[in-house]
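Worksheet: one structure, shown below.
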Amino acid sequence: MKISLKVDYACRVLTQLARLYGNNKPTHMDVLANAEDVPANYLVQILNDLRNGGLINSRRGKKGGYTLAQAPEDISLYDIIRVIDGELLEVNMSGNGESGPQVAKVWTEISRMLESKTREYTLDLLLRSETREMYHI
């Protein structure tokens, strides 16, 4: 399994928007790009995908920018991956040969487990885990 750079950037930018959720002020793309160290020209594509996928809203103009379309607890890693890259682990096995059915069964099970686990992690959980980090001197 390989998580694309595009998914990584999308997760980081959405976490940033989750941090600002509820302030009713759209966040400008440049602010998101700087905060999450994402190239602005690439971020445009990602934001368009996220908007088209229903995860963010956008507003044009001087006071424009981006906001989450849903509460942080309603957006999971699965949702982000699905919008950006499609299926996380698409199983396309023929099931041919003596071992084919068993191999396909195992990959299907792994795919379901991965989907289930990514549905468990939401943007609010990512934010909560940030605040739990402790540093000892």
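Observations on the model:
- Top-ranked residue in the stretch 111-129 [being open to solvent by less than 70 Å² (accessible area, probe 1.4 Å) and among the aliphatic types (A, V, I, L, M); ranked as modelled with the lowest pLDDT]: L127
- Residue match in the stretch 49-57 (condition: in contact with a strand residue (DSSP E or B) (Cβ under 7 Å, 6 or more places away or on another chain) and in a helix (DSSP H, G or I)): yes
- Filtered by the rule that a residue be within 20 Å of Q45 (Cα to Cα) and assigned to a loop (DSSP other than H, G, I, E, B), the stretch 71-90 gives I75, G86, E87, L88.
- Residue count for the stretch 24-73 satisfying the condition of being buried (at least 17 other Cβ atoms within 10 Å of the Cβ) and of a type in the set (A, V, I, L, M): 11.
- Subset of the stretch 79-95 [open to solvent by 70 Å² or more (accessible area, probe 1.4 Å) and modelled with pLDDT of 85 or more]: R82, D85
- Every residue from the stretch 5-23 that is assigned to a loop (DSSP other than H, G, I, E, B) and surrounded by 16 or more Cβ atoms within 10 Å (Cβ to Cβ): L20, Y21
- Only one of I75, I80, I46 that is of a type in the set (A, V, I, L, M, F, W, C) and within 17 Å of K2 (Cα to Cα): I80
The values are calculated or read from the model by the stated rules, or taken from the named source; none is laboratory data. Source: prediction; values computed, not measured. Heads up, the Cβs are rebuilt from the backbone with ideal geometry, glycines too, and the neighbour counts pull from every protein chain shown. Heads up: the accessible areas ignore ligands, DNA and RNA and are worked out on the full protein's heavy atoms, side chains in. Shrake-Rupley method; radii C 1.70, N 1.55, O 1.52, S 1.80 Å.
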